[in-house]
Amino acid sequence: MIYIVTLIFVGLLLLLIEIILIPGFAITGILGLGALAGSYFYADKTFGEPASTIVLIIDVLLVTALTIYVLRAKTWKRFQLKAGITSKAGAAPADCGIEVGDKGHCLSRLAPMGTAVFSGKSYEVKSLEGFIEEGEEVEVALIEDNRIIVRKTE
């Protein structure tokens, strides 16, 4: 009798894992259904017809109860992400105090993208023409679409 109860418990646990943790119809769902079927066949072989019918009814009722529990909205609210995204993607160059004509120097090689420092702050910039080596002086040539475009200082 303990084997039947264990198979039913393991079957329900595997089905719960399949539904909540592993999406899709994977090996855990097949093993869960196999354990429930195994509890029925073991009861039929060991105790005969009336006991196997009772085990089958218990299996169906427990799987139905598990399905109803999982399909309730409150169950899924426990797994939902409740935090909202409040950040923004990068500050607009117009908002950060950089103007066309400001001078700075490259922190990395601009090929054509890289990092440059203006007024003590580093920004991702794009070279207007060609490559610019690390340490060279640059000036802001253009600010468009949230990008800072620079050229070598003459």
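Taking only Cα atoms, what is the 0 to 90° angle, nearest 10, from helix 49-71's long axis to the longest principal axis of the chain?
Roughly 20 degrees, rounded to the nearest 10.
Placing unit charges on C-beta atoms (Lys and Arg positive, Asp and Glu negative, everything else neutral), compute the dipole magnitude of the range 99-152 about its Cα centre in debye, rounded to 20.
Once rounded to the nearest 20, the dipole reads 80 debye.
May I ask which residue of Leu33, Leu61, Ile19 lies farthest towards the positive end of the charge dipole of the range 1-84, with charges of +1 (Lys, Arg) and -1 (Asp, Glu) on Cβ and the Cα centre as origin?
So the residue furthest toward the plus end is Ile19.
Only residues of the range 115-154 count here: report those whose backbone N is under 20 Å from the spot 7 Å along Cα→Cβ of Ile85, or say none.
Under cut-off, by backbone N: 146-147.
Between the range 119-133 and the range 13-43, what is the C-alpha centre distance in whole Å?
58 Å
So how compact is the chain: Cα radius of gyration and Dmax in angstrom?
32.7, 97
Amide H of Asp102: which non-local residues (sequence gap of 5 or more, or other chain) have their own amide H closer than 5 Å, using H built in the peptide plane?
It is Val140, by chain and number.
³J(HN,Hα) across the range 102-111 via Karplus (A = 6.51, B = -1.76, C = 1.60, θ = phi - 60°), whole Hz, x for Gly/Pro?
5, 10, x, 9, 7, 8, 9, 5, 8, 9
How big is the Kirkwood radius of the range 2-77, worked out from every pair of different alpha carbons and given in Å to one decimal?
12.8 Å
Classify the range 99-152 as rounded, prolate or oblate from the Cα gyration tensor: take a ≥ b ≥ c as the square roots of its eigenvalues, call it rounded if a/c is under 1.5, otherwise prolate when a/b beats b/c and oblate if not.
Verdict is rounded for the range 99-152.
Tell me which residues come under 5 Å, amide H to amide H, from Ser108 once H is placed; ignore anything under 5 positions away on its chain.
Under 5 Å from the amide H of Ser108: Thr115, Gly135.
Could you list the chymotrypsin sites (Phe, Trp or Tyr not before Pro) in the range 1-83 that lie in coil according to DSSP, counting only those with at most 14 other Cβ atoms within 10 Å of their Cβ?
Answer in residue order: Phe25, Phe79.
Every number here is computed from the coordinates shown, using simple stated rules; none is lab data. Only a predicted model underlies this, so the values are computations on that prediction, with no experimental measurement involved. Positions of Cβ are generated from backbone atoms using ideal geometry, with glycine treated the same way; all protein chains shown enter the neighbour counts.
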